[in-house]
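Encoded as structure tokens, the structure appears first; notes follow it.
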């Protein structure tokens, strides 16, 4: 009888632990909670001791759930951290498990892992939610083995250190938690910045771009890159950025959030009402934020921030201002009229900059360049003339000391200059206006208007419901969990599209026109149904499943820079894996620099001006990959064959991100790279089992830049060739010996391509040689960063 009672007690222990997790701040090793179980306790099963924070399953829409932490007493259960923000799990059968191996794991209905901690084979004994809002995994001695504070989403909490490896990334909207386009981070110059990294452009917009770092009250002279918000509401940073909450003091719950509209705000909680008040924000004029209104769009105050179209333009998609505006006329080099927009500016994409040009000279400068879509003339001292190749980041401010002149066909030009005004800038039908201002909590309890976001999220919700219904239909119709639900979610959130194999087969006329081959597969030219000319790469040797492949491609698709080849989409059907890129007209650099017996492309020697442009643009593209984009990327195969040239000889780096996509080992580890680079461009550490860092790309770039100077292949390429290996070493030795006698001006001419006939900038060539030599140093610690290389080349560029 006693033994039966003992057995009964043992059987109740797991139930005791499960019940305890719902009412405490602990989750013990070996315990798990399903969404169905947690629903009985309002989905929150971990609560901080002071009750301020709750951790559990957070639901939104019809059937999407996240493992999250939120403020218990806020009216809207404001989320401060999410584990799986870009991959919600199903509301039926999903589970959180603190496994016996020490890992905290979130699994979906079908058993697939949506998220997990890197604590396998550790001494984790429990998960605990602290009063600070920090979820921690601790060992028996209370030592922290993992914490949510190390991986913030869009919010920083008091006492949470913010370091160089962290980013606050906005959500898409208040109701859509997936990663948005705005982020707050420490840049490589040690300064806190905010960047818009959207489908078409990437652009830093804060701190004030009209001032330098020191004029903004910051400093680059620090290496710690750390910031913190204390419990009083005071924020301090190693770059000397500092601010205080307007209600500074102890006892107030606060959060610093990178909002979906691109503004960084500090909020304070009124615990009696559960509402939030803004007690500090980074940007006073919301229209200064980049990317709000898309291509050609203009952000104006009417009086709230509102997206509008310039004259002779209309919304590309009236329900999505991220798509911007499109011209009502067909652009032509013959366009010779201009429409004046007072106090309007578009930041970036400057073709020319002058402080000496008169207004008429500035206008003719634009007319003389087919690429010019508008010019800005600022009434400053001295006046400023800037011609624009593209129109992004548009805004109107009465304090802006200049006007924008939009280039249009002569027949479309008004008899009198059309000045920008709110009356014709109203967007949408009837009285509806599209607001881009962030929600602001008001003490009177009045509700703010957000017509665009409500309609957008309602549409998303409807589509999501349809997809979910279809998913459940297939779930019960077929065996197992259907992929329809997740595919539908992807289709909604994707920034580029998925193509069918049939579409790409038709576009390439059954893959008949090969335009290139490489280590990752063959490339074919094609024309899509919308008449876009594209390059389609068939990947070889890819072993990932569809989940892993889509995740990697999604990362690559979000990367966007002027000197990177743009990806338009992908195909994943069965074992077929294809990528769709923009087609770059002039092909790869190697054909222009070294020539090819099979093509007539190298009819003329590549000029020095073009070579320097290629060196600088390639450095900028690699610097962006290494330092600026949301997912830091190492190329692993930088070579002339992967540097494409457009009609203006601007370089576009291709195949970035494919090293991770195509080179995974059988264990699926993203760190298990095989040696797949090209012989002669590979850094020495590839063969010495040292960790692969961005410095492997720096080495490869050094070889390329010296080949640009010399005009011949210095590295081995393809089959191993000892003579070519010796050629590189020989050039390095020769260059180093010549640099010992820099007083002799002829040292540069002896190293550059003799086919140029001396038509070379000695200053630029000397810097390129010096950069190349430093990049190929065997000691990777002595190699420069690509950011410093780009800066060095830009500073030496001849006007």
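The strands (runs of 3 or more DSSP E) falling completely within the range 82-194 that include 3 or more residues that are closer than 30 Å to residue 293 by Cα map to 167-171, 179-186.
Residues that are in contact with a helix residue (DSSP H, G or I) (Cβ under 7 Å, 6 or more places away or on another chain), surrounded by fewer than 22 Cβ atoms within 10 Å (Cβ to Cβ) and closer than 30 Å to residue 182 by Cβ do occur in the range 85-100, at least one of them. Working only within the range 685-700, note down all residues that are assigned to a helix (DSSP H, G or I) and either at pLDDT 85 or above or outside the structural domain of residue 729 (by TED's automatic domain parsing) (or both). Matches in the range 685-700: 695, 696, 697, 698, 699, 700.
Scanning the range 325-367 for residues that are assigned to a loop (DSSP other than H, G, I, E, B), free of Cβ contacts under 8 Å to residues at least 40 places away in the same chain and surrounded by 14 or more Cβ atoms within 10 Å (Cβ to Cβ) yields a count of 1.
Within this structure, residue 614 fails the test of being part of a loop (DSSP other than H, G, I, E, B), in contact with a strand residue (DSSP E or B) (Cβ under 6 Å, 6 or more places away or on another chain), crowded, with 17+ Cβ neighbours inside 10 Å and at pLDDT 90 or above. Of the candidates 590, 637, the single residue that is in a loop (DSSP other than H, G, I, E, B) and modelled with pLDDT of 85 or more is 637. Of all residue pairs spaced 6 or more apart or on separate chains, those with beta-carbon atoms under 7 Å, a first member in the range 212-234 that is assigned by TED's automatic domain parsing to the domain that holds residue 166 and free of Cβ contacts under 8 Å to residues at least 24 places away in the same chain and a second member that is part of a loop (DSSP other than H, G, I, E, B) and surrounded by fewer than 15 Cβ atoms within 10 Å (Cβ to Cβ) are 216/208; 232/249; 232/250.
For the condition out of contact with any helix residue (DSSP H, G or I) (no Cβ under 6 Å at 6 or more places or on another chain) and within 16 Å of residue 67 (Cβ to Cβ), residue 121 does not qualify. Out of 520, 549, one residue alone is modelled with pLDDT under 85 and buried (at least 21 other Cβ atoms within 10 Å of the Cβ). It is 520.
Starting from residues that are over 27 Å from the mean Cα position of the chain (by Cα) and under 15 Å from residue 55 (Cβ atoms), keep the ones in the range 136-161 and report whichever is surrounded by the most Cβ atoms within 10 Å (Cβ to Cβ).
137
The values are calculated or read from the model by the stated rules, or taken from the named source; none is laboratory data. Note that the structure is a prediction, hence the values are computed from the model and not measured. Note that each Cβ is placed from the backbone with ideal geometry, even for glycine, and that neighbours are counted across all protein chains shown.
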